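For reference, the structure discussed in these notes is given below.
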Amino acid sequence: MAIKNIIFDFGGVLIDWNPVYLYEKVFDTKEDMDFFLNNICTSDWNVNQDAGYPLKKATKELQEKHPDYSDKIGMFYGRWTEMLGGTIDENVQVLKKLKPSFPIFGLTNWSAETIPFAIERYDFFKLLDGMVVSGKEKIIKPDRRLYQILIDKYQLNPEESLFIDDNIHNIKTADDMGFVTIHLTPETNLEETVVSMGLL
């Protein structure tokens, strides 16, 4: 069945987001920064906000739990835009080349409170025909329900839709639901891959 729609994840695919970009300016040593990101402001904690938990509430609760790190915890969302490293240009270029021939959608785990900053900063958002953001739906990938929201909202047939993501768990759910998928790894050349699929 021919591909009729292209769906992109954002973080790690189109946008280079990493808390290290902020906290390497805050901590004196890499060891201290790594301890903080691995034990205090963890990825699991951040994912909870991607699922719709309020940023102010999450920050306050974590500050109460770790008062010695209160100021640095406050920076996580207070200086969140400093974690944006820019676009992953080679993949954004692929999106732009695909756009004349295909509707382009986004399916992302992202806080509803911070996604506006990314939308304002990066021009490629103007090319999207629609997107589903986990923080708005209060469901995160790889939960099938988030994919189903995208399918229902834009009347997509998974078998006619290519889904591109850097997280293997998200890819597995998409595979199970019938999407055509590309698992983006550091070794993946996205343009070569879509060319090999006959899409460019």
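A search for C-beta distances below 9 Å between a residue of region 29-41 that is of a type in the set (S, T, N, Q) and any residue that is surrounded by fewer than 17 Cβ atoms within 10 Å (Cβ to Cβ) and not in a helix (DSSP H, G or I), counting only pairs 6+ apart in sequence or on different chains, returns 39/66. The set of residues from region 72-126 being among the polar types (S, T, N, Q) and in contact with a helix residue (DSSP H, G or I) (Cβ under 9 Å, 6 or more places away or on another chain) comprises 81, 87, 91, 93, 108, 109, 111, 114. All of 76, 8 fail the test of being touching a strand residue (DSSP E or B) at 6+ places or on another chain (Cβ under 8 Å) and among the aromatic types (Phe, Trp, Tyr), apart from 8.
Does residue 63 count as in contact with an Asp or Glu (Cβ under 8 Å, 6 or more places away or on another chain), part of a helix (DSSP H, G or I) and among the polar types (S, T, N, Q)? So residue 63 fails the test. Take the conditions (1) touching a residue at least 24 places away in the same chain (Cβ under 8 Å); (2) among the hydroxyl-bearing types (Ser, Thr, Tyr); (3) closer than 16 Å to residue 8 by Cα; (4) touching a strand residue (DSSP E or B) at 6+ places or on another chain (Cβ under 9 Å); residue 111 misses just one of them, which is (3). Scanning region 1-40 for residues that are surrounded by 15 or more Cβ atoms within 10 Å (Cβ to Cβ) and among the charged types (D, E, K, R) yields 9, 16.
None of the figures in this text is laboratory data; all of them are computed from the coordinates on show. Note that the structure is predicted; figures quoted are calculated from it, not measured. Every residue, glycine as well, gets a Cβ built from its backbone with ideal geometry; the counts of neighbours run over all protein chains shown.
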